[in-house]
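Below: one structure, written as structure tokens.
Rule-based calculations on the coordinates, nothing more; no lab input. As the structure is a computational prediction, the values presented were derived from the model and not from experiment. Glycine gets a Cβ as well: all are built from the backbone with ideal geometry, and neighbour counts include every protein chain shown.
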Amino acid sequence: MAKVSTNISLDSDLKKASQELYSDLGLDLSTAITIFLKQSLRVQGLPFAVSRENPTAETLAAMNEYYEMKAHPEKYKRYASFQEAMNEVLSDA
């Protein structure tokens, strides 16, 4: 099989860390990329699951607050309009 040269742009820190990892595994970066591409073709997609990162603690707290408010709306103040809510926020500032 004929080899071709391909240029890709990488963050220099990412490249260095990847080279160190693959070197420890007995591979060079070119071989690691070839393995990735062959596996992509084999599975006809990315060879790993792609998903969002886990939410941060702050995001989880906000989500939990939302679910609590939705489950028990009677515990929370309601506003007739957005402007009414803004007026209260601004008056507290």
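Laid out as a table, the results:
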| quantity | calculated |
| --- | --- |
| Per-residue ³J(HN,Hα) for the stretch 76-90, Karplus 6.51 cos²θ - 1.76 cosθ + 1.60, θ = phi - 60°, Hz, x for Gly and Pro | 10, 5, 10, 10, 6, 8, 4, 4, 4, 5, 5, 4, 5, 4, 5 |
| Positive-pole candidate from ILE33, LEU21, GLN83, dipole of the chain, charges at beta carbon | ILE33 |
| Rounded to whole Hz, the Karplus (6.51, -1.76, 1.60) HN-Hα couplings of the stretch 60-65, x for glycine and proline | 4, 5, 5, 5, 5, 4 |
| Rounded to whole Hz, the Karplus (6.51, -1.76, 1.60) HN-Hα couplings of the stretch 13-18, x for glycine and proline | 5, 4, 4, 4, 5, 5 |
| For log10 I(q)/I(0) by the Debye sum over Cα atoms at q = 0.18, 0.23, 0.25 Å⁻¹, calculated from these coordinates, the label among (i) -0.77, -1.14, -1.29; (ii) -1.05, -1.28, -1.28; (iii) -0.86, -1.22, -1.33 | (ii) |
| Loop GluC sites (Glu not before Pro), the stretch 1-59 (other Cβ atoms within 10 Å of the site Cβ: 11 or fewer; DSSP) | GLU53 |
| Protection proxy ranking, peptides 5-11, 37-43, 27-33, average beta carbon neighbours within 10 Å, highest first | 27-33, 37-43, 5-11 |
| Proximal aspartates and glutamates to LYS75, defined as alpha-carbon separation beneath 20 angstrom and excluding residues fewer than eight positions away on the same chain | GLU65, GLU84, GLU88 |
